[in-house]
Amino acid sequence: MARSISHVLFSLVLCILLQDHIQALRQSYIVYLGSHSFGPNPSLVDLESVTDSHHDFLGSYLGSIEKAKEAIFYSYNRYINGFAAVLEEDEAANIAKHPSVISVFLNKRHKLHTTHSWNFLGLERNGAFPPQSLWGKTKGEDVIIGNIDTGVWPESKSFSDEGFGPIPERWRGICQTDDNFKCNRKLIGARYFSKGYEADIGKKLNTSIVSARDNDGHGSHTLSTAGGNAVPGANVFGFGNGTASGGSPKARVAAYKSCWPPGCSDADILAAFEAAISDGVDVITMSVGSDSPPEFFESGISIGSFHAVSHGITLVASGGNSGPILGSVSNIEPWTLTVGASTIDRDFVSNVILGNGKIFKGASLSRSGLPSNKKYPLITSAEALTKSASDSVNAFFCTNDTLDARKVKGKILVCLRGVNSRVEKGVVAASLGAVGMILANNAGQGDEIISDPHVLPATHVGFETGKYIYTYINHTKFPVASISRVRTKLGTKPAPIMAAFSSRGPNLLDPAILKVQFFLDDQLDL
């Protein structure tokens, strides 16, 4: 009897394991069929006919139209011809052999790429515009900018409709609202797309976050950079006071949320592109991309942008933040305007003053500095390593649980840049009782430094400065230092230069297509 029960239990476990294995083979795919035969203004009958054809087509592979309807979660039936469905690998492979199919590819995830700027670019000078400045006359007036990203925060002053007239009659979009989300005459549209992400993770998103609202901040940042209002009195912790303005402050804007933690699925991106084309946007911006460029017609970004441009829409996309590695640029399609990041001529300077009198320039947005008349002991992260730390390499980068608070307390901690975020290193240092932090670049990162809002007095120094500081510590019996308060410095030279984190060419798919084409002062959007 016991043996029979064991046999039954073993069979049940085996069935469960096999079932999980079979389910694991089912993934979400995109089947791309090209364009439609009808014109730019399809009727409802046209759209229904396309969706029916998708069901018929897939049903011929799955055995029934009912199974096809269950599998398909997006039917791209208006400007893009294709569908997204949950399939087994062999089913996808068989579909790819059909002569009418251009491509079949996995529903991959892409990742997110992030005031003085317009003055620095020469578009205005001290609030005035050059006599022949088209930007000064129009500022993008009534251009409609669509942004494919993490959504939008509608209450932001960047999207207030004060001073705006009626919404352009050519606008055909909608606002997917809820009790706490409203569009207006500036923010004229907002949609969200989550079916691709849900198919990828195998479950529905929490209803509390399923809206066009930006819970990340990236989408509001990128949309306001492109088309946000001119908002006076903008600053970060009191630094960079001035008017923050998007490139086209008089433009109307619309948000297409297709990114959910931790990424943006091809299927949702394609749905966002189709909606934006249908709604009547003039420009689409997106700061989303992949680590390595996929083939042109095996990416939701490539296919969606191709159809957008073919309908007269300008597509502007970020090149990525994987620099300075050569060939790291993404969004390399010939029909896309690919933008890199550069520096501007303003620094937020916080100096390191060593005990030997040497002063080195650093960058920071820390709210406070250390007293100018007092020096504090210096310690490197390598010296502060805990005896129990299992990974001594990560200790160099001041990661959590690698440093000894007894060694760090009351001192300025020197950390290497990399592995964890720059601001996170400061959080770790502060939690250990450090009075300050110096963040140093490695050789590959060079001498580019970035101003961050650290939680303690901290500053970021370049490779050569960092090398000197490490040498000073290692050859001084009692090394000490201080960190000065932050001050704003304009007219920094050279500027602009390409930011170290900005992805580089060449275009790995086709080196003859020049990428990156343009640069935006995006390193400090203040």
*What are the lysines whose alpha-carbon lies under 29 Å from the alpha-carbon of K409, with same-chain residues fewer than 8 places away excluded?*
K358, K361, K374, K375, K387, K425, K467, K477
*So for the range 25-106, Kirkwood radius off the Cα pairs, Stokes-Einstein at 37 °C and 0.692 mPa s: how many µm² s⁻¹?*
258
_Under 19 Å from K108, Cα to Cα: lysines that are on another chain or at least 8 residues apart_ = K195, K203, K204, K257
*Find the eigenvalues of the gyration tensor of the Cα atoms of the range 346-490, then list the square roots of 5 times those eigenvalues as equivalent ellipsoid semi-axes, largest first, in whole angstrom.*
21, 16, 15
_Approximate spin-label separation S60-V393, in nm, with each point projected 7 Å along Cα-to-Cβ_ = 5.3
*By how many nm would the segment from S310 to F297 lengthen if fully extended, with 0.36 nm per residue of separation less the alpha-carbon distance?*
3.2 nm
*Please order C415, C175, C183 by the number of other Cβ within 10 Å, starting at the fewest.*
C175, C183, C415
*Taking the alpha-carbon centroid of each part, what is the distance from the range 246-304 to the range 461-491 in angstrom?*
43
_Per 0.36 nm of contour for each residue apart, how much would the distance between D161 and L205 grow if the chain were fully extended, relative to their Cα-Cα spacing?_
12.7 nm
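Readers should treat all values here as calculations from the given coordinates under stated rules, not as data from a laboratory. Remember, predicted model here, so these are calculated numbers, not experimental data. Positions of Cβ are backbone-derived with ideal geometry, glycine not excepted, and every protein chain shown enters the neighbour counts.
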